[in-house]
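A short write-up of the structure that comes next.
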Amino acid sequence: MLNLRQFIRTTLVKNTITIVSRLRCSDADMCQRAPHLSPFALFLLISFTILLTPALLLAAQVTLAWDANDPTPEGYCLYQRTDNSTYDYSQPTWTGSGTTCTVADLVEDTQYYFVVHAYDSGSESGDSNEVAYYAASANPVPVNNSPQANAGTDQTVEAWTMVTLDGTGSSDPDEDQLNYAWVQTGGPTVEIFSPSTAQPTFTAPGSASSDTALTFRLTVTDPDGLSASDTCRVTVPATTPANDPPVADAGDNQSVYSGTRVTLDGSHSSDPEGQTLTCQWVQTGGPMVQISSSTATSAYFTAPEVEIGQQATLIFELTVFDSSMLSCTDTCIVQVQPTPPTDSDGDGTPDEQDAFPNDASEWIDTDLDGTGNNADADDDNDNMPDAWETANGFDPLVDDADLDSDGDGLSNLEEYQNGSDPMDGEENLAPRQPSILSPVDAADEVSLRTKIIATAFSDPNGEDTHEKSEWRIAKASDQRSVMQVTRYRSLTTLRVPYFVLNPGTSYTCQVRYYDQHGLASEWSPTITFTTTASSYWWGWRGVIEGQEAPESTDLNSNGVTDLAESQTIRSVSAVDDSHTMAVSIETSPNVEQIDGAGAIDPYSEEELPPVEDINPYGMIGYRIQLLQPGQSTSVSLYFSGGVDDQTAWMALNSEGDYADCGDQVAIQADGSVVRWLTDGGENDLDGVANGIVVDMIGPRDAAAQGDGDLGLDNGTEASEPSSGGGGCFIGSLIK
């Protein structure tokens, strides 16, 4: 039996590997390579060893050794092969009587295999156990491994939000620097910002009718050109239109008789979105009755018995729910009278008092003209309609046509015929209807900060003056109001504030004028315009173009750059380009998202502030979306270096005034400033409770505040600026 072993000589020893195999060589084994020899039983026990000498570091060779056989044969033969080849037993690599040999001139970077045969008296054994040896190169070529791409997990995001793709999970086994390349492979095309970085961003598109699916492929490449790819999917659920609560209408209060069937009528209830309503009637006061069909629009009950000379008051509440379970409640009162005398037509008026006892629709005929008051538009037959008399405080059942109620020489009838006010001897007429000159109707590519210009004020009363103007702007698609404000200055022009209008959107606009008596003109004819698709702020970072803060900015000091948290904080460069400021909703109640932000120099605006001590930051403007219209909330403001707690604050309000707003801010221990806001309140520049708040606020120069009279909204003169202007602010504002 032959046993082959493998080891490394002491001069280079790090590991010794011994492979021992016991092989009994039968007659067939020994004769299979030399069939002409007579059979001979030979037992080989070989321990085959590979010895690496220092010379191997310079040339490819190997030294092999094996244990001597017992009994000792005549000699040994060594055979070799490489991968994908067989042993050539007619050509031994080495023969001799020793138990070691050196095989030289091996080819580098090649795998070799060796076996030993023993021979004696013309007979040769079969193979010993096989050992392998790899002839390594003296200067091996490093192995370059391919990188691994990881496009991140699939995401579900909200429409119009900033989305970050995450390839930071990609890696390279050789720790090489990777190059990133993102491409969109499916869904509506979006613009990818910084597609050659590990974390590019894009704005999610929106669809009100169906979900939107987008797919992206990330390819990473190492410096040697090896690459790998991975994909991810981003799903944008269909947007849900805003839902307003329904309006409950429990019907008019009623007076009924005992024993009659009473109808509770909620049919005039409605829902702004036209959703189907669910009703619930409950009795909250009076003698209890059994309500029939209490969940129907119209419910019924039988009026309880009431004794003569008494009455019962029943109170009912109607609550209506829309499909989103928003609700509204209204109340009606039913007065129950004792059973009436005979009422042939059942109109509630006894026959002895009914001018039309057999006509349920009529019971009174004041002017005795044969037409009941319900059908008669002039019950007292004085040629003045009942509705006009009621509107002007006259009794429609009394003939007062010849009276001169205001002493201006015209009878009430003449006042009606002339269309004048019968109660105003020195009547003031409303201003004439204005018109909007710019933008022209159907204009497109209109700036998001367009200046709306209307015609001059005109009033039939020549001495009347223009007191104020009311402006309203609505989306053309659904007439949802985006801005409705009253202005007391610049009465024929309106510069739309930052962040009120969206790009590429159609709007309608109207204005009406008031005179000093408070009388309003008719609304101007409606004009429609479409804003430009390009935006100064609807970019991937959501700030005014050119005002992006450095990418490393972390104003809330939470260890994450504001850019990486762009959905909850927007940071911008201040007006002086030396500081930064930010608005954050990270802990704000009722806020859904930040739409945009920017630094605004109030001295470049068309309506200048009444003070000259605005600090070097300027003012920060921003727009946020609330979860529901009309809500109140707060946001956090950050300023590089912090804000002195003695600093006064100024904000532009919905009336176009720069007003003191110190009672609506509070400086926190961490240096941030909390700002309180109400949708549709005076601190909402669009002036309407539409679920969107637009704000513009800034700190004043603390060194220039003087005795605290800010001169902003109290009708007094503005305080004088301090020496050095806004530069003094640095010492008082920056800590």
**OP:** For region 565-602, name all the residues that are under 25 Å from R449 (Cβ atoms), of a type in the set (D, E) and touching a residue at least 12 places away in the same chain (Cβ under 8 Å).
**Re:** D576, E592, D595, D601
Subject >> Cβ pairs under 7 Å, 6+ apart, first in region 618-641 and closer than 24 Å to N243 by Cα and in contact (Cβ under 8 Å) with a residue 24 or more places away in the chain, second hydroxyl-bearing (S, T, Y) and open to solvent by 30 Å² or more (accessible area, probe 1.4 Å) >> reply: S632/T678
**OP:** Kindly establish whether D109 is open to solvent by 50 Å² or more (accessible area, probe 1.4 Å), on the phi > 0 side of the Ramachandran plot and more than 37 Å from the chain's Cα centre (by Cα).
**Re:** yes
Original post:
Taking region 261-279 only, how many residues are part of a loop (DSSP other than H, G, I, E, B) and surrounded by fewer than 18 Cβ atoms within 10 Å (Cβ to Cβ)?
Top reply: 7
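Quick grid of which residues meet (1) among the basic types (K, R); (2) modelled with pLDDT of 95 or more; (3) surrounded by 14 or more Cβ atoms within 10 Å (Cβ to Cβ):
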{"residue": "I473", "(1), (2), (3)": "no, yes, yes"}
{"residue": "V482", "(1), (2), (3)": "no, yes, yes"}
{"residue": "Y488", "(1), (2), (3)": "no, no, no"}
{"residue": "N502", "(1), (2), (3)": "no, no, yes"}
{"residue": "S506", "(1), (2), (3)": "no, yes, yes"}
{"residue": "Y513", "(1), (2), (3)": "no, yes, yes"}
{"residue": "L519", "(1), (2), (3)": "no, no, yes"}
Subject >> Residue selected from region 369-404 under the condition in contact with a helix residue (DSSP H, G or I) (Cβ under 8 Å, 6 or more places away or on another chain) and loosely packed, with under 14 Cβ neighbours inside 10 Å, by the criterion farthest from D354 (Cα to Cα) >> reply: D402
**OP:** Within region 192-250, work out how many residues are open to solvent by 20 Å² or more (accessible area, probe 1.4 Å) and part of a loop (DSSP other than H, G, I, E, B).
**Re:** 28
Subject >> Extreme residue, farthest from G598 (Cα to Cα), among residues of region 554-579 that are open to solvent by less than 20 Å² (accessible area, probe 1.4 Å) and of a type in the set (S, T, Y) >> reply: S566
Subject >> Within region 587-601, considering residues that are under 13 Å from the mean Cα position of the chain (by Cα) and among the acidic types (D, E), the one most open to solvent (accessible area, probe 1.4 Å) >> reply: E592
Original post:
Quick one: Q433 ticks every box in (1) surrounded by fewer than 13 Cβ atoms within 10 Å (Cβ to Cβ); (2) under 42 Å from the mean Cα position of the chain (by Cα) bar one, so which box is it?
Top reply: (1)
Original post:
Which one of the conditions (1) under 30 Å from V306 (Cβ atoms); (2) in contact (Cβ under 8 Å) with a residue 24 or more places away in the chain; (3) not hydroxyl-bearing (S, T, Y) does V440 fail to meet, given that it meets all the rest?
Top reply: (1)
Original post:
Among the residues of region 259-280, which ones are closer than 30 Å to P338 by Cα and touching an Asp or Glu at 6+ places or on another chain (Cβ under 9 Å)?
Top reply: G259, D265, G266, S267, H268, Q280
**OP:** Confirm whether P550 is exposed (fewer than 14 other Cβ atoms within 10 Å of the Cβ) and closer than 20 Å to V485 by Cβ.
**Re:** no
Subject >> strands (runs of 3 or more DSSP E) completely within region 638-697 that count 3 or more residues being surrounded by 19 or more Cβ atoms within 10 Å (Cβ to Cβ) and in contact with a strand residue (DSSP E or B) (Cβ under 6 Å, 6 or more places away or on another chain) >> reply: 649-652, 673-678
**OP:** Quick one: in region 452-471, of everything that is more than 26 Å from V694 (Cβ to Cβ) and β-branched (V, I, T), which residue is least open to solvent (accessible area, probe 1.4 Å)?
**Re:** T455
Subject >> Condition met for G731 (at pLDDT below 50 and either crowded, with 17+ Cβ neighbours inside 10 Å or part of a strand (DSSP E or B) (or both)) >> reply: no
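How about region 294-303: which of its residues are more than 13 Å from V336 (Cβ to Cβ) and either of a type in the set (V, I, T) or open to solvent by less than 60 Å² (accessible area, probe 1.4 Å) (or both)?
Matches in region 294-303: S294, T295, A296, T297, S298, A299.
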Original post:
Can you pull out the strands (runs of 3 or more DSSP E) entirely within region 536-627 that have at least 2 residues that are within 18 Å of D684 (Cα to Cα)?
Top reply: 580-584, 591-600, 619-626
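Matching residues to (1) at pLDDT below 90; (2) among the small types (G, A, S):
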{"site": "D601", "(1), (2)": "no, no"}
{"site": "E606", "(1), (2)": "yes, no"}
{"site": "P609", "(1), (2)": "yes, no"}
{"site": "D613", "(1), (2)": "yes, no"}
{"site": "P616", "(1), (2)": "yes, no"}
{"site": "G621", "(1), (2)": "no, yes"}
{"site": "P629", "(1), (2)": "no, no"}
{"site": "V635", "(1), (2)": "no, no"}
{"site": "D644", "(1), (2)": "yes, no"}
**OP:** Give region 322-334 a look and list any residue that's in contact with a Leu (Cβ under 8 Å, 6 or more places away or on another chain) and modelled with pLDDT under 95, or say none.
**Re:** D322
Original post:
Of the residues V320, V306, V282, V289, which is surrounded by 14 or more Cβ atoms within 10 Å (Cβ to Cβ), part of a strand (DSSP E or B) and of a type in the set (A, V, I, L, M)?
Top reply: V320
Original post:
Before we move on, is R449 of a type in the set (K, R) and either crowded, with 16+ Cβ neighbours inside 10 Å or touching a strand residue (DSSP E or B) at 6+ places or on another chain (Cβ under 7 Å) (or both)?
Top reply: yes
Original post:
D478: among the charged types (D, E, K, R), over 27 Å from G691 (Cα atoms) and either modelled with pLDDT under 95 or open to solvent by 70 Å² or more (accessible area, probe 1.4 Å) (or both), yes or no?
Top reply: no
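Residue-by-condition table, conditions (1) aliphatic (A, V, I, L, M); (2) surrounded by 15 or more Cβ atoms within 10 Å (Cβ to Cβ); (3) assigned to a loop (DSSP other than H, G, I, E, B):
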site	(1), (2), (3)
Q91	no, no, yes
G98	no, no, yes
D105	no, no, yes
A118	yes, yes, no
S137	no, no, yes
G152	no, yes, yes
A159	yes, yes, yes
V163	yes, yes, no
D176	no, yes, yes
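The values are calculated or read from the model by the stated rules, or taken from the named source; none is laboratory data. Source: prediction; values computed, not measured. Cβ: placed from backbone, ideal geometry, glycine included. Neighbour counts: every protein chain shown. Each accessible area value is taken on the protein alone, full model and side chains, heavy atoms only, with ligands, DNA and RNA left out. Shrake-Rupley method; radii C 1.70, N 1.55, O 1.52, S 1.80 Å.
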